[in-house]
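The block underneath contains the structure these notes are about, expressed in structure tokens.
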């Protein structure tokens with residue numbers, strides 16, 4: 001496994017692999033790897049000849065009051081984990097390598113990015129798409145892998161790839177969860193013991209929503225209100241949003257049918273903002 | 001020479017060429033080809049094994065009051081001209097092929113696009129970058145060719161390619177001019193005879209500016225004022241801007257030195273908006 005710091009050397013390495021006809025799988029990450037990431041890498045390894053991951057805490061996707069500086073960074077431990085699942089290349093550039101001082105170009109979706117997480121994190125998805133575009137151009141993967149936990153992000157990346165005719169496939173794999181159901185996230189480590197003990201209720205509220213929608217509940221407001229009752233038990237919790245939307249357009253559903261909805265939530269637990277989602281009748 | 005209407009078939013065709021190891025040169029155009037375009041294609045032919053051009057009047061780069069509907073379209077005549085310089089593929093999609101109804105993704109530069117033409121054409125460069133990004137991803141050229149007449153556009157495209165780590169080279173070739181010095185442009189055909197007869201004064205004002213800067217004039221205001229005196233003779237002319245800027249950052253120069261400036265102008269002549277520029281001491 002190679003750890004590569006510069007774009008130039010990475011492109012050279014990838015170019016060599018491509019010239020040999022190797023298929024490249026790619027998992028972009030911000031490090032602080034957990035089983036969710038590793039699951040993406042395992043799948044990438046299975047479906048490709050070479051697996052590259054990136055470990056880069058992207059400054060452009062954090063708001064001024066967000067956790068950019070305290071976001072966990074530990075490349076050694078990430079490298080150990082990545083090695084266990086057969087990753088071939090870790091691309092770990094520094095900020096200056098990715099963004100020169102006169103950096104000026106951004107990629108964004110307009111409609112998809114203004115909803116859900118985009119309302120409280122206004123520049124977030126612009127930062128995500130910009131770095132993902134850069135990474136895709138640097139790594140030139142055949143397939144890139146994303147986790148469903150960041151559902152809106154995955155949809156927006158898929159939209160960018162489709163709208164801009166990019167030459168790769170994007171695969172979104174199911175959320176990997178802790179034993180109690182809490183979605184794996186690098187931010188879970190911010191939680192206090194009491195917060196962590198109760199955070200599983202987020203997923204429980206989603207399961208409750210799914211059960212009730214499948215049982216025939218048509219009214220999104222009733223579902224959301226029931227979820228709020230489950231979530232409010234979590235100490236120091238404050239709901240950012242709970243929404244039931246079309247899984248592709250992310251438009252709010254006014255009436256539920258048996259299938260074809262995504263239930264998404266973002267909840268502050270203390271100073272930690274957690275997100276999760278469930279898809280009703282995923283194909 | 002093939003005329004291709006769909007992205008799918010174009011990608012297949014280009015893929016075949018790439019698999020054979022052919023180098024691809026690309027000239028994006030909005031059609032209404034003139035000698036400026038043909039000059040780009042000749043250079044592309046000389047430097048590559050296969051030359052693709054696009055002919056697509058991109059709706060996203062026109063403002064609501066601009067000339068999108070009346071912009072000249074004549075694919076037959078364009079195809080005849082392209083054939084004379086050895087173009088291999090014309091990609092001529094329709095609007096629906098390029099922009100599905102739920103199209104939502106845009107590329108933009110922030111600083112570079114807000115200056116000069118960007119001030120009066122606020123969404124213009126966002127539309128340009130978005131379609132150029134799409135075309136680059138569809139054609140996957142080794143080198144793309146642009147004309148210096150659209151100087152700001154060329155700088156912005158170069159910036160996008162560099163900022164987003166795109167895998168191609170961008171070459172900018174000198175403006176091709178009519179005998180009297182008027183920069184070739186698809187919009188010159190909008191001019192009345194009287195307007196056309198006097199439009200060469202735009203270039204004359206640029207030559208005058210260059211001569212005086214090279215002669216040692218340090219004050220941009222004096223140069224600009226002198227240019228205005230030359231331009232005001234053109235009937236029905238109204239200056240949008242005349243600016244003397246750094247050739248890369250496009251920031252206004254407050255003091256001129258012997259070298260290292262770009263003089264750019266946009267002037268309405270009747271209903272037609274013409275642009276031109278000159279670089280002082282281009283390397």
Rounded to 5, percent antiparallel among DSSP beta bridges of chain A: 50 percent
Minimum Cβ-to-axis distance in chain A for the rotation onto chain B, with residue, whole Å: A:107, 3
Cα-based equivalent ellipsoid of the protein assembly as shown: semi-axis lengths in Å, sorted from largest, via gyration tensor: 49, 26, 24
Average projected area [Cα convex hull, region B:1-117], square nanometres: 9.0 nm²
Global geometry of region B:131-226, whether rounded, prolate or oblate, following the gyration tensor of its Cα atoms and the 1.5 cut on a/c: oblate
Rounded Å value of the spacing that divides the Cα centres of region A:62-98 and region B:114-133: 35 Å
Other protein chain Cβ atoms within 10 Å, averaged over every residue that makes up B:271-278: 0
Nm distances between copies for residue B:249, ranked from closest, using label points 7 Å along Cα→Cβ: 4.6
Inter-copy spacing of residue A:21 label points, which lie 7 Å from Cα along Cα→Cβ, given in nm from shortest upward: 1.5
Longest to shortest principal axis, alpha-carbon extents of region B:66-159, angstrom: 39, 33, 30
Pair-distance profile P(r), taking every C-alpha pair of region B:194-237, with 5 angstrom steps and integer %: 5, 25, 30, 19, 12, 7, 3
Chain A: relative contact order in percent, alpha carbon pairs under 8 Å with at least 6 residues between: 17 percent
Potential extension, residue B:49-residue B:197 segment - 0.36 nm per residue separation minus Cα distance: 49.2 nm
Prolate/oblate/rounded label for region A:52-102 (Cα gyration tensor, a/c 1.5): oblate
Other copies of residue B:111: label-to-label distances in nm, shortest first, labels 7 Å along the beta-carbon direction: 3.4
Residue mean of other protein chain beta carbons inside 10 Å, A:161-171: 5
Ranked list, fewest to most other Cβ atoms within 10 Å of each Cβ, for A:108, A:251, A:96, A:243: A:96, A:251, A:243, A:108
Alpha-carbon centroids, region A:33-49 and region A:183-227: separation in whole Å: 26 Å
Residue exposure sequence - B:27, B:55 - by fewest surrounding Cβ within 10 Å: B:55, B:27
Relative contact order, percent, region B:186-280 [alpha-carbon distance under 8 Å, six or more residues apart]: 32 percent
Reduced Cα scattering model of chain B, Debye log10 I(q)/I(0), q = 0.11 Å⁻¹: -0.65
Mean ellipticity per residue at 222 nm, deg cm²/dmol - from DSSP H runs of n ≥ 4 across chain B, formula -39500 (n - 2.57): -11000 deg cm²/dmol
For A:41, B:166, B:197, order by how many other beta-carbon atoms lie within 10 Å, fewest first: B:197, B:166, A:41
D_trans [Stokes-Einstein, Kirkwood Rh over alpha-carbon pairs] for region B:1-58, 37 °C, 0.692 mPa s, µm² s⁻¹: 271 µm²/s
FRET efficiency estimate (nearest 0.05) - Cβ-Cβ, residue B:68 to residue B:16, R0 41 angstrom: 0.75
Per-residue mean of C-beta atoms belonging to partner chains within 10 Å, peptide A:94-107: 5
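Read-outs: derived from the displayed coordinates by stated rules, not from any lab. This one's a predicted model, so the numbers in the text were calculated from it and none came from an experiment. Note that each Cβ is placed from the backbone with ideal geometry, even for glycine, and that neighbours are counted across all protein chains shown.
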